[in-house]
Amino acid sequence: MLSLAAQGQDTNLVRQIEELQEQLRKTQENFTRLLKEQQEAIEALRRQAGLPAQPGGGEADALTDKRAADTARTAEVDPAKRKWLTGDALRFQKGQAYLDVGLVGTVAVGGSTAKDIEHGTQLGGHDPQQNGFTLQNLEAAFYGAVDPYFRAYSTVLFGIDSGGESVVELEEAYLETLALPGRLQLRAGQFLTDFGRHNPTHPHTWASVDTPLVSGRFFGHDGLRGLGARLSWLAPTPFYSELSLAVQNSHGETAHSFRSDHEGEPVFGRLHQVQRTRGVGDLLFAPRYVMAFDLSDTQTLMLGASAALGKNASGDKTSTQIGGLDLYWKWKPRRQFGGFPFVSWQSEVMARRYEAGRFDWDLDGDGLLSPGGEEADLDGDGFPDVLPDERLTDYGLYSQVCWGFRKGWVAGLRGDYVASRASQYEAMFGRDPHRAERWRLSPSLTWYPSEYSKIRFQYNFDERKGIGPDHSIWLQLEFVLGAHAAHKF
């Protein structure tokens, strides 16, 4: 009897072990299935958003594997019951509509030997602007699906200028379609112009502390953006291929090379006057074509061509044409962890032709210099200067290499160069420092403690013709709270 009882217990034990093994097998199958479904959903969203498939994203999204693992681990848990994670959306929903909220803060501390940091060595509005501390960017992002046909995105910026005054600015606010036929997509509202690689991006996605020189010189303090609409078409090719056209307002401080009055300050030796928009001819047109394909299982290449065309405010019929070519290449091995290691290379080259109108510095029309000194007489003949019609040509480029040599650590090196052809107004007034030849070399080292924070050290060596060399050292700190939209590849 004892022997039979023991055999029965052994049989029950074996059965329990087999049942546990079967439960484990089913759990593993369910986990694999859920992970596959999530990957398929991500790829579907990428295709819908017009993003290319790739072995890995840029530097800014190289740390997303951990978030994907967290999502997979919590996929079978009721969202209302599980613990909130750092990277989860702050989501407000009613019915099928929802709103994701995110906050990104970027602060820099450092100094420079330059005396004109804000308007000399640093050309971007989000660059470090003074010795000491600079709040480069505090960005609140709001986005989500409006309905099955539209999604919306908006960013509001908070800042403190070099004078200590608080600034609030609406950077982007637009609506985008989700279901147009014919591989078309329409965007309407306030948005960054899709020109090249750098201009459409936000500071927290940059691989450096500051904006490239050519972007700052051509697009101004705030970059090129404005109210308008953009229509894009994803071509049915075996590789990623997209053609787009943006039509936007061409006036204001965010249209630096176009119909901007430059806050009453002379630019290119002239004062600029902005008239109201009289028709389609006063708008800004920005076509772009981009294609991307895999060179191998470990390498991806993206090539783009952009243009920005519109009138400027130096005359009644004067216009500006800006063209650019861009390149992005990335290598990531088959065996990688958390997006590392990787090597990426990004470059842009641009050229600008600015038709400057005739300008008479005799502002009151009396043919004499005013006692207050508002009128210019830089050639010293005792009469207000008269500038002729002329075409100004400027060009520049930057090239940047990033090496993710171990998880969380990225070394970078960027080189910038800008120059211009001599002009007639410079023959009278002297070389314009805003068009003078200059170059910059910027090595950097970035550490990502996690995907929600960043610490970056960068050194800038600036060489400006007629001014000489300057040295700058910046330490940048950044944090991310809540959700944030996906970054461009």
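The values are calculated or read from the model by the stated rules, or taken from the named source; none is laboratory data. Everything quoted here is computed from the prediction, not taken from an experiment. For neighbour counting, all protein chains shown are included, and Cβ atoms are generated from backbone atoms with ideal geometry for every residue, glycine included.
Considering the conditions (1) under 17 Å from the mean Cα position of the chain (by Cα); (2) at pLDDT 95 or above, L175 is excluded by exactly one of them, (1).
Of all residues in the stretch 220-250 being more than 13 Å from the chain's Cα centre (by Cα) and not in a strand (DSSP E or B), which is surrounded by the fewest Cβ atoms within 10 Å (Cβ to Cβ)?
P238
When residues in the stretch 199-215 are screened for being in a helix (DSSP H, G or I) and either surrounded by fewer than 23 Cβ atoms within 10 Å (Cβ to Cβ) or within 12 Å of the chain's Cα centre (by Cα) (or both), 4 of them pass.
Residues in the stretch 464-483 that are loosely packed, with under 14 Cβ neighbours inside 10 Å and under 15 Å from S442 (Cβ atoms): how many? Of the residues in that region, 2 qualify.
Within the stretch 350-382, being of a type outside the set (G, A, S), modelled with pLDDT of 75 or more and either farther than 24 Å from F219 by Cα or under 35 Å from the mean Cα position of the chain (by Cα) (or both) holds for M350, R352, R353, Y354, E355, D360, W361, D362, L363. Scanning the stretch 390-427 for residues that are out of contact with any Ser or Thr (no Cβ under 8 Å at 6 or more places or on another chain), farther than 30 Å from W447 by Cα, in contact (Cβ under 8 Å) with a residue 12 or more places away in the chain and surrounded by fewer than 14 Cβ atoms within 10 Å (Cβ to Cβ) gives a single hit, R391.
Exactly one residue out of G196, G164 is surrounded by fewer than 15 Cβ atoms within 10 Å (Cβ to Cβ) and either in contact with a helix residue (DSSP H, G or I) (Cβ under 7 Å, 6 or more places away or on another chain) or not in a strand (DSSP E or B) (or both), and it is G164. Taking the criterion of being of a type in the set (A, V, I, L, M, F, W, C) and buried (at least 16 other Cβ atoms within 10 Å of the Cβ), the residues of the stretch 254-283 that qualify are A255, F258, V267, F268, L271, V274, L283.
Can you give me the ranges of the strands (runs of 3 or more DSSP E) entirely in the stretch 382-465 with at least 2 residues that are farther than 30 Å from P341 by Cβ and touching a Pro at 6+ places or on another chain (Cβ under 7 Å)? Walk me through it before giving the result.
Numbers: elements: 390-406, 409-420, 438-450, 453-464.
In the stretch 382-465, 453-464 are the strands (runs of 3 or more DSSP E) which contain 2 or more residues that are farther than 30 Å from P341 by Cβ and touching a Pro at 6+ places or on another chain (Cβ under 7 Å).
Before we move on, is A286 buried (at least 21 other Cβ atoms within 10 Å of the Cβ) and either outside any loop (DSSP other than H, G, I, E, B) or modelled with pLDDT under 95 (or both)?
In short, yes.
The lone criterion from (1) at pLDDT 95 or above; (2) buried (at least 18 other Cβ atoms within 10 Å of the Cβ); (3) among the acidic types (D, E); (4) over 22 Å from H126 (Cα atoms) left unmet by D385 is number (1). I'd like to know if the stretch 183-193 contains one or more residues that are part of a loop (DSSP other than H, G, I, E, B) and either closer than 20 Å to L284 by Cβ or not charged (D, E, K, R) (or both). Yes, the stretch 183-193 has at least one match. Restricting attention to the stretch 114-128, the residues being surrounded by fewer than 21 Cβ atoms within 10 Å (Cβ to Cβ) and touching a helix residue (DSSP H, G or I) at 6+ places or on another chain (Cβ under 8 Å) number 1.
Considering the stretch 428-461, the residues that are of a type in the set (D, E) and out of contact with any strand residue (DSSP E or B) (no Cβ under 7 Å at 6 or more places or on another chain) include one that is surrounded by the most Cβ atoms within 10 Å (Cβ to Cβ), namely E451. Restricting attention to the stretch 129-153 and to residues that are of a type in the set (G, A, S) and over 19 Å from the mean Cα position of the chain (by Cα), the residue that is surrounded by the fewest Cβ atoms within 10 Å (Cβ to Cβ) turns out to be G132.
Being in contact (Cβ under 8 Å) with a residue 12 or more places away in the chain, over 30 Å from L186 (Cα atoms) and crowded, with 16+ Cβ neighbours inside 10 Å is true for just one of G310, G323, G315. Which residue is that? Break it down stepwise before answering.
Values: G310 fails: over 30 Å from L186 (Cα atoms); G323 fails: over 30 Å from L186 (Cα atoms).
Going through G310, G323, G315 in turn, just one is in contact (Cβ under 8 Å) with a residue 12 or more places away in the chain, over 30 Å from L186 (Cα atoms) and crowded, with 16+ Cβ neighbours inside 10 Å: G315.
The lone criterion from (1) closer than 24 Å to G132 by Cα; (2) within 22 Å of the chain's Cα centre (by Cα) left unmet by H471 is number (2). The requirement of being closer than 24 Å to D326 by Cβ, at pLDDT below 95 and of a type in the set (G, A, S) is not satisfied by G144. Does any residue of the stretch 178-189 turn out to be surrounded by 14 or more Cβ atoms within 10 Å (Cβ to Cβ), touching an Asp or Glu at 6+ places or on another chain (Cβ under 6 Å), more than 21 Å from R456 (Cα to Cα) and modelled with pLDDT of 95 or more? There is at least one residue in the stretch 178-189 that is surrounded by 14 or more Cβ atoms within 10 Å (Cβ to Cβ), touching an Asp or Glu at 6+ places or on another chain (Cβ under 6 Å), more than 21 Å from R456 (Cα to Cα) and modelled with pLDDT of 95 or more.
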